Amino acid sequence: MNFTSAVCLFVTVVLSVCAEKPHIIFIVADDLGWNDVGFRNPQMITPNLDRLAKAGVILNSSYVQPVCSPTRNCFMSGYFPYHTGLQDDIIDVNEAKHLPVNLTTIPQKLKQLGYDTHMVGKWHLGFCNWKYTPTERGFDSFLGYYSGAEGYFNHTRRGGRDEVGLDFRYNKTVNRDANRTCSTRVFMHRAIEIIQNHDNSKPLYLYLPFQSVHAPLEVPPKFENMNKNIENIRRRIYCGMVSMLDDAVGNITEALEEKGLMDNLLLVFTTDNGGPTYTASNNLPLRGAKNTLWEGGTKGAGFIYSKTLLKKTGYLNTGMMHAVDWYPTLVELAGGENADPNIDGVSQYDMLINGGPSKRNEFVYNIYDEREAAAIRYGDLKLMQGSPGDHNGWAPLPHLGIDEGVYEADNQVFPPFMLYNITADPTEHFDLSAKYPDVLDMMKKRLENWKKSRVPPQDPSPVPRANPKYYGGVWSPGWC
Ligand SMILES: *[C@@H]1O[C@H](CO)[C@@H](O)[C@H](O)[C@H]1NC(C)=O
Ligand SMILES: *[C@@H]1O[C@H](CO)[C@@H](O)[C@H](O)[C@H]1NC(C)=O
Ligand SMILES: *[C@@H]1O[C@H](CO)[C@@H](O)[C@H](O)[C@H]1NC(C)=O
Ligand SMILES: *[C@@H]1O[C@H](CO)[C@@H](O)[C@H](O)[C@H]1NC(C)=O
Ligand SMILES: *[C@@H]1O[C@H](CO)[C@@H](O)[C@H](O)[C@H]1NC(C)=O
Ligand SMILES: *[C@@H]1O[C@H](CO)[C@@H](O)[C@H](O)[C@H]1NC(C)=O
Ligand SMILES: *[C@@H]1O[C@H](CO)[C@@H](O)[C@H](O)[C@H]1NC(C)=O
């Protein structure tokens, strides 16, 4: 081999190594509040999340939808839910709602770019027909559940009256092996198994939406006991659930290290919505809770971590981003192009990877259809129309045996429009709508403009044929 061809070979090898697509692990916590992470609240015992967040980038303006299915719709499609018919609340277990099939999901897109795609955890984007379920929406494998809010140990949930069934699968097969094992552990083991069995020459996309830390409040005693300094029993169990999630993430990152995937990997950690303070979570200093348009319902706790990919680390990123942005961001990270001109997301690759400015100056918090309510953001400003939802206060940390004060400030009557300067007033104490009528008008016009592209909500009635009693006691596709 002469000198030139040796150099060429060397360059080729280096280029092919450089060009290797990064592995992506996208971890979602369910119902985790703004103030429920140790890197923000010293009450929380989350050493693994804290370590990763501090060595990575803490996201301080990363917005999500007020509830579960709509946010997952954003992660999967890059579209706002008021553009996919999922704007009004979650997908109930007996409702024939689903993520529209003509949208290319992020795993489908990443598969086109050469990725192995696996999902472990909660789907909640429709299952009344097999064609809406994870293994037909881009995932090579799936272990988890189709709906939401089930027991952590029995993996069983209730629908309407007389509707009780198991909701747990491995791919399409009913999975009873996990009976009496907490889902946090089941999902952790499956994630580690995927990591250990992965062929390192291929890029991996692992979507890992945990059941933790959604209600019901259930956790093995070991993790509850880690938090026994907390007097309030509900808060103590809740914090134990967060600690267990943290422990599972710690074990998963260890497996990633051992397998050698960590050297070229982006880890995303995000909640799906703000914390339900009425269960036991906490969003202080933010106002409101899950299921509201306040910042407490929509400003998501989250961070990114990478050992090698981030140009700037160890800081709080205040750039504005929304859950729809993950889709184009991950596509760019994977070396692909986003060809859909209608997608709502914008790639925040430069902001997240290089520490550059945000590509976004505005977004839609949500535009409801079932009621005259909406919120939008434009720069510093936030406009809210109609009722922001229930739970409108600044719920304190529960500390005694009772959750005193938590329901304070509910059922308030609000003016038809409210205006906040989120930069100056992130905790939404000062409604400026009466003080700045011209600004209010400008914002109302912007809202009208956003509303022009709204699509009708998928708004089906409950389907009696969904009852698990017709499917051997298991929530199953086949009724739409
Ligand atoms: C999906 O279908 C809906 C309803 O027919 C349509 O409005 C929308 O433009 C389609 N979206 C894409 C990305 O094809
Ligand atoms: C799940 O599907 C994937 C892809 O077809 C396959 O590799 C895996 O073995 C399946 N697992 C089970 C338990 O069926
Ligand atoms: C499953 O567990 C939940 C939470 O502990 C409980 O409320 C529910 O009754 C259990 N369901 C069954 C069928 O045992
Ligand atoms: C789980 O185990 C319990 C207790 O053994 C049993 O009653 C229940 O039917 C099992 N559930 C499933 C889905 O197999
Ligand atoms: C993490 O791994 C350790 C050591 O194997 C184990 O003791 C612990 O229970 C695991 N965490 C969870 C949440 O299963
Ligand atoms: C919002 O508050 C910021 C910070 O105090 C200020 O710079 C900005 O001018 C305010 N925006 C408006 C439109 O009042
Ligand atoms: C981060 O967000 C919180 C909550 O909205 C806010 O109080 C704080 O000022 C933000 N930090 C920075 C540096 O912008």
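Throughout, read-outs are computed from the coordinates displayed, never taken from laboratory work. This is a predicted model, so every value here is computed, not measured. FYI the Cβ positions are ideal-geometry reconstructions off the backbone, even for glycines, and counts take in every protein chain you see.
See the values below:
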{"read-out": "Relative contact order of region 224-281, defined on C-alpha pairs under 8 angstrom at six or more residues apart (%)", "value": "33"}
{"read-out": "Shape call, region 173-329: gyration tensor on alpha carbons, a/c limit 1.5", "value": "oblate"}
{"read-out": "Helical segments meeting 20 Å axial Cα length and Kyte-Doolittle -1.0 threshold in the chain (DSSP H)", "value": "3-18, 183-197, 233-259"}
{"read-out": "Computed P(r) (all Cα pairs; region 299-437; 5 Å bins; percent)", "value": "2, 8, 13, 16, 16, 14, 13, 10, 6, 2, 0"}
{"read-out": "Per-residue Cβ neighbour rank within 10 angstrom, fewest leading, 131, 109", "value": "131, 109"}
{"read-out": "Gained length - residue 54 relative to residue 185, 0.36 nm times residue gap less alpha-carbon distance", "value": "44.7 nm"}
{"read-out": "Per-pair calculated FRET efficiency, R0 = 25 Å: residue 308 and residue 171 via Cβ, rounded to 0.05", "value": "0.15"}
{"read-out": "Relative exposure of 391, 189, judged by other C-beta atoms within 10 Å (fewest first)", "value": "189, 391"}
{"read-out": "Cα-derived Rg to Rh of region 30-169, Kirkwood definition", "value": "0.99"}
{"read-out": "Shape call, the chain: gyration tensor on alpha carbons, a/c limit 1.5", "value": "rounded"}
{"read-out": "Pairwise label distance in nanometres, residue 154 with residue 362, each label 7 Å out on the Cα-Cβ vector", "value": "5.0"}
{"read-out": "Two-site FRET efficiency, residue 129 against residue 439, from Cβ-Cβ distance with R₀ of 45 Å, rounded to 0.05", "value": "0.45"}
{"read-out": "Span per principal axis, largest first, for the Cα atoms of region 418-480 (Å)", "value": "60, 28, 16"}
{"read-out": "Residue exposure sequence - 380, 199 - by fewest surrounding Cβ within 10 Å", "value": "199, 380"}
{"read-out": "Amide N proximity, region 440-478 versus residue 162 label position 7 Å along Cα-to-Cβ, cut-off under 12 Å", "value": "464-465, 467-470"}
{"read-out": "Greater than 22 Å apart at Cα, pairs in 202/311; 172/222; 299/382; 54/359; 290/382", "value": "202/311; 172/222; 54/359"}
